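Read-outs throughout are calculated quantities, based only on the coordinates presented, and are distinct from any laboratory measurement. Here the structure is a predicted model, which is why all the values come from computation and not from measurement. When we count neighbours, we look across all protein chains shown, and the Cβ atoms used for this are built from the backbone with ideal geometry, even at glycine.
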Amino acid sequence: MAGLRKLTLGELAPSMNVERFRAVVGVPEVLAIIDMSVVLVDMHFEKGVGGFYCFESICCERNGQPMRRYALPIVHYGTVNPRDITDYGPPFEVEYLLLSEGDYKDKVLMKHKLQGDLTQFDIVITCTDAHYQKLNMDVGRPALWRTNPDWMREILDKKTKYDKTIERAIARPLDEATYLNILNRAAGDSKASPARQASPPPAARAPAQARPAATAVTKPPPQNMNATPREIPAGGVELDSLLKGPETDLGTGSVDGILG
Ligand SMILES: [Zn+2]
């Protein structure tokens, strides 16, 4: 990663992390699984923290069993003719496809068995629910990106970035101390923000600042963050659906803050 890079005004910096594949209803997409190097993820999502990897401790006490997800490396074809789904091609992007356990078993593993090797084929994606990323995955033609050595080189090049950033792209690695710090800071901020604007005397702020760590930690989790498996809808609750929820800006913001 270059520390300093020259851009021209209006140009946006490329994302530091590999991006997640997302589809929308009514727009067909075509992708191919690059290889079966699957990343298994057990994670939580909590307001004020964002998506983070389970560390099998107080995270589970507060949020219930972690959500289990599978991330696969994919080539996302950039141009797809919506009137002819067999007409697609470059530009290519290497992204990750995040699947629930059910989708991984039913839509990837089963097809992988039937086809012999699913990575040799392109997959046509249609989306039935963008929020939960409910996807139909239909096996298509032999993988187009494998038919051209230049394309293969380009994609395997981009896969390097994938390998380097997939872990931090999916969720936030946290240890217990950092997690508790974030919770305490969030609790302090939500108490202190209005007070700070009104510039109260220090005494008035003292109670908020003196909140013991245990208060935040033992507070029951907000109901919709109680992500036990039985609460996951059939298509699976997807991380980014949650991340994009209106109440979760704080979470993603603080992830950027920590990593940036
Ligand atoms: Zn946990």
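This ranking places L156, L40, L118 by how few other beta-carbon atoms lie within 10 Å of each, fewest first, which gives L40, L156, L118. In this Cβ point-charge picture (+1 for Lys and Arg, -1 for Asp and Glu), segment 90-134 has a dipole of about 200 debye about its Cα centre.
Label zone of S15 (point 7 Å out along Cα→Cβ, amide N under 14 Å): in segment 113-138 this covers no residue at all.
Looking at the square roots a ≥ b ≥ c of the eigenvalues of the Cα gyration tensor of segment 36-141, which shape do they give, rounded for a/c under 1.5, prolate if a/b is larger than b/c, or oblate? Since a/c reaches 1.5 and a/b is larger than b/c, the shape of segment 36-141 is classed as prolate.
Can you sort L180, L31 so the residue with the fewest Cβ neighbours within 10 Å comes first? Before the final figure, lay out each step's value.
Details: L180 16, L31 27.
Ordered from fewest to most neighbouring Cβ atoms within 10 Å, L180, L31 come out as L180, L31.
Spin-label model, R141/D129: points 7 Å from Cα along the beta carbon direction are separated by 3.3 nm.
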